[in-house]
Amino acid sequence: MDDVTAYLVIALGCLLAALAVVAVVARRRGRRRPTAEPGRRATSGPRTDPRRIGVGDIVEIGDLSYAVRGSIRLVEGEWSWAEHLLDDDSGRYRLSVAENPEFELVLWEPQPGRVRTVGAPAVDAAGRRYVWHESGQARYTATGVTGLAPSGTVRYHDYRAPGGARLTFEAYGESGWEVALGHRLDPGDVTVYPQGRGS
């Protein structure tokens with residue numbers, strides 16, 4: 001093999017290696033960045049303020065992306081908060097956004113069939129002991145796909161465990177109690193990709 005041929009073989013090898021690296025990086029970025037639903041387009045760049053989440057937005061938590069299928073706004077006295085229903089391939093989750101009085105984000109996962117004694121001072125679930133934190137009744141308004149009436153009331157009992165773990169019992173209207181386990185998120189864990197109707 002002469003010097004020119006050897007040079008061409010080495011140059012081609014370097015070019016192929018560079019293309020492979022570019023392909024891997026593009027694939028990883030494509031997996032992390034959510035895409036708009038058909039018929040939708042992003043109305044602006046990503047934002048990090050979860051207080052502005054709306055129905056149809058894409059919410060990225062860590063490496064996972066969720067579409068917001070519905071939102072529930074709740075008011076109890078001087079306090080207000082929101083719960084956003086999130087969809088992905090593996091199930092449905094809720095992201096609560098509250099300032100009561102400190103800013104708090106909690107990602108909730110429903111626990112069907114796990115209803116225990118509602119209102120007990122402490123509840124054992126998923127290998128932890130949750131201690132009662134607060135109870136109450138709030139008024140809500142719902143938008144998007146929530147399975148609820150457009151407005152009504154919800155009763156709740158909230159529990160906490162060390163490390164940011166949460167447990168809640170909720171009953172909307174006359175429905176039975178539902179239970180969910182949650183964990184607190186840092187604001188930097190959440191990125192919102194607003195979506196708007198295309199023309």
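Any residue at all in region 117-138 that is open to solvent by less than 50 Å² (accessible area, probe 1.4 Å), within 16 Å of Ser71 (Cα to Cα) and not small (Gly, Ala, Ser)? No: zero hits. Can we say Gln195 is of a type in the set (S, T, N, Q), open to solvent by 80 Å² or more (accessible area, probe 1.4 Å) and touching a Lys or Arg at 6+ places or on another chain (Cβ under 6 Å)? Taking the combined requirement at face value, the residue does not satisfy it. Got at least one residue in region 32-46 being at pLDDT below 90, open to solvent by less than 60 Å² (accessible area, probe 1.4 Å), in a strand (DSSP E or B) and out of contact with any strand residue (DSSP E or B) (no Cβ under 7 Å at 6 or more places or on another chain)? Within region 32-46, not a single residue is at pLDDT below 90, open to solvent by less than 60 Å² (accessible area, probe 1.4 Å), in a strand (DSSP E or B) and out of contact with any strand residue (DSSP E or B) (no Cβ under 7 Å at 6 or more places or on another chain). Of the residues making up region 106-138, those that are outside any strand (DSSP E or B) and either over 15 Å from Arg166 (Cβ atoms) or not small (Gly, Ala, Ser) (or both) number 11.
Can you go through Ala122, Ala67, Ala98 and tell me which one is aliphatic (A, V, I, L, M), under 18 Å from Ala142 (Cα atoms) and over 12 Å from the mean Cα position of the chain (by Cα)? Please lay out each step first, then the result.
On the way: Ala122 fails: under 18 Å from Ala142 (Cα atoms); Ala67 fails: over 12 Å from the mean Cα position of the chain (by Cα).
Within the list Ala122, Ala67, Ala98, the selection yields Ala98.
Scan region 174-190 for residues that are open to solvent by 20 Å² or more (accessible area, probe 1.4 Å) and modelled with pLDDT under 95 and jot them down. Result: Glu174, Ser175, Gly176, Trp177, Glu178, Asp186, Pro187, Gly188, Asp189.
When restricted to residues that are in contact (Cβ under 8 Å) with a residue 24 or more places away in the chain, open to solvent by 30 Å² or more (accessible area, probe 1.4 Å) and either in a strand (DSSP E or B) or among the basic types (Lys, Arg) (or both), region 139-171 contains 7. For region 70-107, how many residues are open to solvent by less than 30 Å² (accessible area, probe 1.4 Å) and among the small types (Gly, Ala, Ser)? Matching residues across region 70-107 total 6.
Exactly one residue out of Gly91, Gly56, Gly13 is modelled with pLDDT of 90 or more and not β-branched (Val, Ile, Thr), and it is Gly56. Taking region 50-63 as the range and being in a strand (DSSP E or B) and surrounded by fewer than 16 Cβ atoms within 10 Å (Cβ to Cβ) as the test, no residue passes.
The values are calculated or read from the model by the stated rules, or taken from the named source; none is laboratory data. The structure presented is a predicted model; accordingly, all values stated were derived computationally and were not measured. All Cβ positions, even for glycine, are placed from backbone atoms using ideal geometry, and neighbour counts span all protein chains on display. Accessible surface is based on the protein model in full, side chains and every heavy atom, while ligands, DNA and RNA are left aside. Shrake-Rupley method; radii C 1.70, N 1.55, O 1.52, S 1.80 Å.
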